[in-house]
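Chemist: My questions will all concern the structure given below.
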Amino acid sequence: MSEESETYDRRARWEPAPRPEWVAKLNEEGERLNSKSIVPLDENSLLAEARANTGLDDFGEDGWIEHFRVLIKAIEEEAKLNLMGRILTRSDFVQYLEIRLRIQDYYTRFPEIDDEVIHEPVMILGHGRTGTTILHEVMSTDPQFRIVKRWEAMFPCPPPEEASYETDERIARAHELITIFDRVTPEWKAMHKFGGDLPVECAEYLYASFLSNVFVFSFQIPTYAKYIQEQEIGHTILWHQRVLKLLQWKYKKDHWLLKNPLWIDHIPRVLEYYPDAKIILTHRDPITVSDSFVNVMGTIFWWRTDDPWGGGMLDDLVMADGRAETHANLMRWMEDGTLRPGYVSNVLYQDFMDDPVDTIGRACHDLRLPFGDESAERMRRYLASKPKGKHGKYEYDSAEAAQVAAERERFRTYQEYFKVPNEF
């Protein structure tokens, strides 16, 4: 193992784009004010507001409160939130608590929801920045798949119904809320498109479990990151099932089409809860992925803090050795039968870019799912309406040649095993 692959850290050279004037001014004023008093993030205040907003009181008894307490303590003590960060965080956490209250209320009034069966869900579990988002979007046009859209992740109650699914008033409400991140960091639009009616990954409805790596991807909170490693992921997967059962109660299709890069390191455990899950793994040049990942994550942290890498988070995904360990897990699970024929497909980013419809057709064949002319035509129409670069292109720098060479050697076994080509 070379010294360069162990020590090269892209975070050291990352610089955020200047903030819009209104955001910079807000944060500047926040430094003069007692922002913790103005925007409180304590347990009693958050719970009281969620109860007042919903008129409900039962959050459920699945052990969530301890996870919640550890999380908000870590955020308050470690995340170094600026005023905008506190505003965004309080708004988000009140919403997560409201989701818990409303979902618990539905399960209490309609216990038959728990009898719903989730049959052969299709899960895209590739690393972030490997094309998972566009693959998810394009595949979602196939009528055999039910997806979770942003609006129903944010406002799952009452459960969506097929007749009003495309016209639900919550679509516009969700769009207004989620696009604030485009206004806080305008460069975000070129990295990842947000919208009330777009498919979202599972992380977007795991927040209300309060035990998920999604928070490690939002805040610099090393105490919580350590805490979550010691917890049982089954808690989070059960919440995932709880949400999907509710959402499909009034509107279901043959298969859920899901996307959750956060679970790529937990595939054996996920399969204990979803034994018939069909998994798609996406693969892309890991050098390009690492460069892009740092830009995206730095921007997400920048939404809420002036010290975006201050907690040293995400070493396992930023540094070559940590990412190579995840690659080794995938190869081992392919070899030992954890990922078995008929239930796994490996999709190369470059193949998808060259011919997305053909690539999806081959993935469906691998997973023993139907793929007909109608589905292919739907996908072509969607792609024609979504040209690459429609929302701008985000440019980023790569590592120096010697560092790239060192990392290439670290990733060589993975790239050879899955036939992943270099992008440069």
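Nothing in this text is a laboratory measurement; each read-out follows from the coordinates by a stated rule. Quick caveat, the model's predicted, so the values are computed rather than measured. Counting neighbours? That spans all protein chains shown, and the Cβs are built from the backbone with ideal geometry, glycine included.
Chemist: If we scan region 46-56, do we find a residue that is assigned to a strand (DSSP E or B), of a type in the set (A, V, I, L, M, F, W, C) and crowded, with 18+ Cβ neighbours inside 10 Å?
Modeler: Within region 46-56, not a single residue is assigned to a strand (DSSP E or B), of a type in the set (A, V, I, L, M, F, W, C) and crowded, with 18+ Cβ neighbours inside 10 Å.
Chemist: Something else: Go through (1) over 29 Å from MET84 (Cα atoms); (2) part of a helix (DSSP H, G or I); (3) touching a residue at least 12 places away in the same chain (Cβ under 8 Å); (4) of a type in the set (Asp, Glu) and name the single condition GLU335 misses.
Modeler: Result: GLU335 passes all but (3).
Chemist: Answer yes or no: is there a residue in region 346-357 that is buried (at least 16 other Cβ atoms within 10 Å of the Cβ), within 29 Å of PHE194 (Cβ to Cβ) and β-branched (Val, Ile, Thr).
Modeler: The answer is yes, given that some residue of region 346-357 is buried (at least 16 other Cβ atoms within 10 Å of the Cβ), within 29 Å of PHE194 (Cβ to Cβ) and β-branched (Val, Ile, Thr).
Chemist: Looking at (1) among the polar types (S, T, N, Q); (2) part of a helix (DSSP H, G or I); (3) farther than 28 Å from LEU81 by Cβ, find the lone condition where THR282 falls short.
Modeler: Of the numbered conditions (1) among the polar types (S, T, N, Q); (2) part of a helix (DSSP H, G or I); (3) farther than 28 Å from LEU81 by Cβ, the odd one out for THR282 is (2).
Chemist: Any idea which residue in region 71-122 is surrounded by the fewest Cβ atoms within 10 Å (Cβ to Cβ), counting only those that are β-branched (Val, Ile, Thr) and not in a helix (DSSP H, G or I)?
Modeler: VAL117
Chemist: Taking only region 66-109 into account, find how many residues are within 16 Å of LEU211 (Cα to Cα) and free of Cβ contacts under 8 Å to residues at least 24 places away in the same chain.
Modeler: Result for region 66-109: 1.
Chemist: Separate question: So which residues in region 57-70 are in a helix (DSSP H, G or I) and in contact with a Leu (Cβ under 8 Å, 6 or more places away or on another chain), if there are any at all?
Modeler: Correct list: TRP64, HIS67.
Chemist: Further question: Pick out the one residue from TRP309, TRP302 that is crowded, with 18+ Cβ neighbours inside 10 Å, closer than 30 Å to LYS36 by Cβ, touching a Lys or Arg at 6+ places or on another chain (Cβ under 6 Å) and of a type outside the set (Val, Ile, Thr).
Modeler: TRP309
Chemist: Could you tell me which numbered condition THR223 fails, if it satisfies all but one of (1) closer than 26 Å to THR89 by Cβ; (2) of a type in the set (Ser, Thr, Tyr); (3) in contact (Cβ under 8 Å) with a residue 40 or more places away in the chain; (4) crowded, with 20+ Cβ neighbours inside 10 Å?
Modeler: (4)
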